[in-house]
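Visitor: Can you read through this structure? Questions will come right after.
The values are calculated or read from the model by the stated rules, or taken from the named source; none is laboratory data. Because the structure is a prediction, the values reported are computed rather than measured. FYI the Cβ positions are ideal-geometry reconstructions off the backbone, even for glycines, and counts take in every protein chain you see.
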Amino acid sequence: MKAAKTLGQFIIEKQADFPFAKGELSRLLRDIGIASKIVNREINKAGLVDILGEAGTTNVQGEGQKKLDVYANEQFIAALQSGGECCIVVSEENDEYVYIDSEISKNAKYIVAIDPLDGSSNIDVNVGVGTIFSIYRRKSTEGKATIIDVLQRGVEQIAAGYVIYGSSTMLVYTTGKGVNGFTLDPSIGEFCLSHPDMSVPKDGNIYSINEGYYAHFPDGIKKYIKYCQVEDDATRRPYTSRYTGSMVADIHRTLIKGGIFMYPITAQAPNGKLRLVYECNPIAFIVEQAGGKATNGYERIMELEVKELHQRSAIIIGSENMVKKAEEMLACFS
Ligand code: AHM
Ligand code: MG
C-alpha cells in the first residue's frame, strides 16, 4: 500500500528546489499549515455556537467567544510569531501592519500578508470559507523592516497559498514552481498530497460574478456576461453560472474545472472590492502558476503598483482564453 505524502514531507523534499535556502521558508509554510488546522477545528464547531455561546458572549465553560475571523487572525499571527521566520504580518483584520518584535524573529527575512478568514459571512450558512496568504522577502537588510518592505508588487511574491475549509479542508500553495494541493485527513490530522501539479484548463464553461450588481458594471463586463449566456455549441455556451460569495471557494473550483471569476469595478466600488495585497496577488500567483491568467481587465494583477496595505483592485481571473475574451470586450469600450 502506498503511503500518502504529508505536507511536511513534501515541503522538506521541495527544499532542494532552493539550494541556497536555509529552510526558513519551509518552516514558515509549516507554521501556516499548523495554524490552519487549529482554525479548521474551530470552524467545524461553528454550528455549535448557540450551544457553546455566541461570539462576544461567554460560553458554558466560562471562556469568552470570539468571532471566527478575529480568532483566525490571532492564530495565524501567533503561529508566525512563535515560528520566528516572519518580521511583519499584513492582515485584513489589522488597519496597520503588525511588527513581530521578538528575540527569535529579529533576523527574520519574510513578510506575510494574510486574509485569515475570507468570506466569513458564509460561516453562518455552512458554505466554504478560506484563508489566503502571500509571502515576500524583506528588501531592507538592516534595522527594523518598514512599510517599504511591505509594499511589494505581486511579481515579487516568494510563495502564496490558500486554505479552503469546505466539504473537506485543503491547503493549496505555490513557491513559483507549480501548484500543489493537500487535503486534510482528519483521522491523522495531516494535510496529504491529493492534487499534485494542479493546472487550470485553458477554456472552461463556468462564469462566476455577483450578477446582482449587473446594472453597476462597466459596459465591457455587461457585454461579456451576455456573451456567456448566448447559445453556441462550439464554445459550450451558454456557460453555467456559479458564485458562492467566498472567493477561495470560487477560485478553487476554477482551478479544478476551469472557468472565469470576476469582481470588476462597480458604481459602488470604483476600485473593485477585493484587496490587492492579501486577496488578489496571492490568488493571481497561484492561478498563473497553474497556467491561468489574472488581470484587472487591462493589466496583469501581479504587476500593479502597491501603494497602500488595503488597496483594492478589480480582478478577472481563471482560464486563459476566457480571461482574454473578457479583456477584449472591456477594450471595446475603453
Ligand atoms: P471579505 O474579505 O470581507 O470576506 O470579502 C471578500 C469576499 C470574497 O470572498 C467574495 O468573492 C466577495 O467578498 C463577495 O462579495 P459580494 O458579496 O459583494 O459579492
Ligand atoms: Mg477577504
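Visitor: Being part of a strand (DSSP E or B) and either under 16 Å from residue 264 (Cα atoms) or within 16 Å of ligand 2 (Cβ to nearest atom) (or both) narrows it down to one of 207, 214, so name that one.
Guide: 207
Visitor: Residues being more than 16 Å from residue 329 (Cβ to Cβ), free of Cβ contacts under 8 Å to residues at least 40 places away in the same chain and hydrophobic (A, V, I, L, M, F, W, C): count how many of those fall in segment 216-265.
Guide: Residues that pass the stated criteria total 1.
Visitor: One residue is enough: does segment 67-78 have a residue meeting the conditions at pLDDT 95 or above, within 22 Å of residue 180 (Cβ to Cβ) and surrounded by 13 or more Cβ atoms within 10 Å (Cβ to Cβ)?
Guide: Within segment 67-78, one or more residues are at pLDDT 95 or above, within 22 Å of residue 180 (Cβ to Cβ) and surrounded by 13 or more Cβ atoms within 10 Å (Cβ to Cβ).
Visitor: What pairs come up if the first residue lies in segment 184-210 and is closer than 17 Å to residue 6 by Cα, the second is of a type in the set (D, E, K, R) and part of a loop (DSSP other than H, G, I, E, B), and their beta carbons are under 6 Å apart, counting only those six or more places apart or on different chains?
Guide: That search, which allows pairs on different chains as well, returns 193/5.
Visitor: What are the residues in segment 311-334 that are over 24 Å from residue 258 (Cβ atoms) and modelled with pLDDT of 95 or more, if any?
Guide: 311, 312
Visitor: May I pose another question? Is it the case that segment 73-84 has a residue that's assigned to a loop (DSSP other than H, G, I, E, B), more than 16 Å from ligand 1 (Cβ to nearest atom) and closer than 16 Å to residue 34 by Cβ?
Guide: yes
Visitor: Give me a count of the residues in segment 112-164 that are closer than 28 Å to residue 190 by Cβ, outside any strand (DSSP E or B) and either without any contact (Cβ under 8 Å) to a residue 40 or more places away in the chain or in contact with a Lys or Arg (Cβ under 6 Å, 6 or more places away or on another chain) (or both).
Guide: 1
Visitor: In addition: Given the conditions (1) surrounded by fewer than 24 Cβ atoms within 10 Å (Cβ to Cβ); (2) not in a helix (DSSP H, G or I), report the number of the one that residue 325 does not fulfil.
Guide: Every listed condition holds for residue 325 apart from (2).
Visitor: Can you work out which of the residues in segment 233-253 that are crowded, with 23+ Cβ neighbours inside 10 Å and under 19 Å from residue 217 (Cβ atoms) is nearest to ligand 1 (Cβ to nearest atom)?
Guide: It comes out as 247.
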